[in-house]
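Structure, as structure tokens:
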Amino acid sequence: MTRPPTAAQRRVIDAADPVTGRLRGTESQLAALVKRELAFRHPRPPHDHFLTPAGHRIREETATPTASAPEAAEPAREPARESSGVFAARVGGEEGIDFGPSRIREVHSAWQGLLELRRMTNPHGVVDRPCAWERTHLVQAAALALEAAGHRPAGTDGEGYRVRATPQPEAVAVRGPDAGALRECAATLEQAGWQVGEHTEPRTGARYLLASPRRI
């Protein structure tokens, strides 16, 4: 892409479904986004248009996440918060976490949307392994799988799971309050199409999971 999208194209990008990246716009707008490699047209009917990873990055640039105190080993980049109007799975450590019925419905809807995105973008329409969007949003994708399965993210009290980026490519670290919780998180991620291994922090001896999207 040699120049930024126009204001009209930016509005189409900003209005995309936050999980699946499904777009709505005029044929000319969508065609222009495809030409700029910010969107692609699905080959199967109804031939909807979806954001590419580059399109998702453009969309996320408009989000205004609320400030959150990072942990010592945590990267500076954080998933978008709900205050920006964009759905974000709970990665653990957020303040004022809501566990009410509306949040449960929202998470369920987001997970179903992600499964649909897998069906539409994975080869042969398989839904048992992560898609390209998940590989470019590792922390949020893993957290969504955990939250959708009923695991509780850690609040400010530290009780619950925490998902964090790692220096390793295509891998996230998942920590939990105890060994039993870690095993349950591992089972959920494996069922969601992730490869999971349990490791030990060399300095503290704490156990954690290292999870990567499965390719085969």
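For the reader, a short list of remarks on this structure follows.
- Condition met for Ala186 (closer than 22 Å to Arg105 by Cα and either assigned to a helix (DSSP H, G or I) or open to solvent by less than 40 Å² (accessible area, probe 1.4 Å) (or both)): no
- If you go through segment 20-37 and pick out every residue that is within 15 Å of Asp48 (Cα to Cα), in a loop (DSSP other than H, G, I, E, B) and open to solvent by less than 60 Å² (accessible area, probe 1.4 Å), you end up with 4.
- Against the criterion of being open to solvent by 10 Å² or more (accessible area, probe 1.4 Å), modelled with pLDDT under 95, under 17 Å from the mean Cα position of the chain (by Cα) and of a type outside the set (Gly, Ala, Ser), Arg164 does not qualify.
- Here the condition is being part of a helix (DSSP H, G or I), open to solvent by 10 Å² or more (accessible area, probe 1.4 Å) and free of Cβ contacts under 8 Å to residues at least 60 places away in the same chain; of Arg135, Arg105, it holds for Arg105 alone.
Here's the yes/no breakdown for (1) modelled with pLDDT of 95 or more; (2) of a type outside the set (S, T, N, Q); (3) surrounded by fewer than 16 Cβ atoms within 10 Å (Cβ to Cβ):
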residue	(1), (2), (3)
Val174	yes, yes, no
Gly193	yes, yes, no
Val196	yes, yes, no
Thr204	no, no, yes
Ala211	yes, yes, no
Ile216	no, yes, yes
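- Selection status of Ala141, in contact with an Asp or Glu (Cβ under 7 Å, 6 or more places away or on another chain), at negative phi and open to solvent by less than 20 Å² (accessible area, probe 1.4 Å): yes
- Of the residues making up segment 112-161, just one is over 12 Å from the mean Cα position of the chain (by Cα) and aromatic (Phe, Trp, Tyr), namely Tyr161.
- Just one of the listed residues (Thr62, Thr52, Thr66) is among the hydroxyl-bearing types (Ser, Thr, Tyr), under 24 Å from Arg164 (Cβ atoms) and either crowded, with 18+ Cβ neighbours inside 10 Å or at pLDDT below 70 (or both), and it is Thr66.
The values are calculated or read from the model by the stated rules, or taken from the named source; none is laboratory data. Predicted model, so just to flag it, every value in this text is computed and none were measured. When we count neighbours, we look across all protein chains shown, and the Cβ atoms used for this are built from the backbone with ideal geometry, even at glycine. Each accessible area value is taken on the protein alone, full model and side chains, heavy atoms only, with ligands, DNA and RNA left out. Shrake-Rupley method; radii C 1.70, N 1.55, O 1.52, S 1.80 Å.
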